[in-house]
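Before any comments, here is the structure.
The values are calculated or read from the model by the stated rules, or taken from the named source; none is laboratory data. Computed from a predicted model, the values in this text were never measured in an experiment. Here the Cβ is made from the backbone with ideal geometry for all residues, glycine too, and neighbour counts use every protein chain on show. Each accessible area value is taken on the protein alone, full model and side chains, heavy atoms only, with ligands, DNA and RNA left out. Shrake-Rupley method; radii C 1.70, N 1.55, O 1.52, S 1.80 Å.
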Amino acid sequence: MDVVLRPINDRFFHDQVLPFLTRAMGDAPGALESLLDGMGDGQARMLCERMLSTSVPGGLASVDADPWAELVDRLIFQQWQEGPAGWEVGGMQAGYADVWDEALHLALMLEEPGYPYWDARGAREVRDGFRFRPMSDMGLASLLAGQWEPFPEFPPDRIFSTQGRGEYFPGEGFAFADWAWRPARMIAHWQVNLPRKLERLLAREQERMRLPSLPEKDEVLAYWMGKVALPPPLTVAFSGLGPRAANWIRELGALTSHVRTAALAKQGLAAMVTKGTGVRI
């Protein structure tokens with residue numbers, strides 16, 4: 001299984017996608033008609049009209065599943081911009097894709113000070129539990145695990161599902177699914193706090209190794225923060241990362257780069273767990 005992380009147009013998601021999905025729970029035809037009013041994209045319009053031609057009154061069960069899945073995928077994971085005729089798909093922007101377990105491992109290293117990343121068995125137990133009950137206030141790790149923040153007005157696992165994961169508890173304000181998103185304001189907050197979290201991770205590893213200093217600390221941090229294009233050659237292997245230290249340092253740099261790019265562009269981020277084939281980045 002892989003996970004895909006893509007930037008999203010924050011205003012489009014707030015003004016078009018969320019109201020559409022909320023209404024579709026109980027009135028899918030009405031939601032499709034409303035969405036058509038603001039669409040300039042020919043493919044999205046065609047999918048809406050195709051479903052409307054065969055729909056009956058009701059929620060999601062009243063529309064055909066295949067065009068619904070194609071429409072939702074297009075709405076959530078394409079780059080949208082406002083054109084003369086309404087919202088349309090703009091230029092492509094690169095996203096992030098990695099093995100889900102690996103990406104979650106990196107994010108937990110970054111976000112959770114108590115995560116036992118040096119202990120393969122203990123770390124896997126944490127990840128396995130996190131996938132089926134992601135914790136809130138865990139930033140990037142929670143997004144990759146599918147936890148929703150802010151809480152949605154609809155069960156997100158009913159919109160689509162790739163792994164069959166999902167819970168929706170309005171009374172607790174808790175929801176997670178195989179996909180999730182974060183608004184631009186939250187991504188900007190993550191970006192502000194990234195230097196502190198990255199420094200904390202390096203300090204934690206230095207303490208674990210009982211070294212007076214990490215020779216590559218400044219160079220690794222500069223790479224993670226996008227100040228240099230390439231990671232440094234490691235003269236001292238980080239014990240917590242083991243023989244794969246160089247690869248994990250590169251991957252964490254790629255992950256933080258997508259957060260930084262989205263924040264600078266004032267974009268949100270959407271994440272989806274895939275079945276491991278045909279990942280579009």
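Here are some notes:
- The chain: calculated mean residue ellipticity at 222 nm from DSSP helix runs of at least 4, using -39500 (n - 2.57): -14500 deg cm²/dmol
- Applying 0.36 nm per residue to the separation of Ala65 and Arg185 and subtracting their alpha-carbon distance, the gain on full extension is 39.9 nm.
- Derived scalar couplings between HN and Hα for region 144-159 equal 5, 8, x, 6, 9, 7, x, 5, x, 8, 8, x, x, 6, 7, 6 Hz in order, rounded to whole Hz, by the Karplus curve 6.51 cos²θ - 1.76 cosθ + 1.60 (θ = phi - 60°), x for Gly and Pro.
- P(r) of region 30-78 over all Cα-Cα pairs, binned every 10 Å from zero, in whole percent: 26, 63, 11
- Considering every alpha-carbon pair of region 15-105, the percent of pairs per 10 Å bin, from zero through the bin containing the longest distance, is 16, 45, 25, 13, 1.
- Carbon + sulfur, % of accessible area of the chain - ligands and nucleic acids excluded, 1.4 Å: 53 percent
- Long-range HN-HN contacts of Phe174 with modeled amide H, under 5 Å: Phe169
- Calculated log₁₀ intensity ratio I(q)/I(0) where the Debye formula runs over C-alpha points of the chain, q = 0.06, 0.08 Å⁻¹: -0.21, -0.37
- Size descriptor, Kirkwood hydrodynamic radius, that averages inverse alpha-carbon separations across region 90-140, Å: 12.1 Å
- Per residue, the accessible area of region 99-161 comes to 40 Å² when a 1.4 Å probe rolls over the protein heavy atoms.
- For chymotrypsin sites (Phe, Trp or Tyr not before Pro), no site in region 156-262 is both called loop by DSSP and has at most 14 other Cβ atoms within 10 Å.
- Ordering Pro134, Ile8, Ala245 by Cα displacement along the dipole of the chain toward the positive end leaves Ala245 in first place; charges were set at the Cβ atoms of Lys, Arg (+1) and Asp, Glu (-1).
- Put simply, the amide H of Asp98, placed in the peptide plane, has neighbours under 5 Å in Val3, leaving out anything fewer than 5 places away on its chain.
- Shown for the chain: lysine pairs separated by 8 or more places, or found on different chains, whose C-alpha atoms are under 24 Å apart, numbering 5.
- Between Gln81 and Arg133, residue separation times 0.36 nm minus the direct Cα-Cα distance comes to 15.3 nm.
- Only Cα sites of region 81-173 enter the Debye sum here, all with the same form factor; the resulting log10 I(q)/I(0) across q = 0.11, 0.20, 0.26 1/Å is -0.44, -1.04, -1.31, listed in q order.
- Restriction of the GluC sites (Glu not before Pro) in region 105-185 to DSSP coil positions whose beta-carbon has at most 14 other beta-carbons within 10 angstrom yields Glu153, Glu172.
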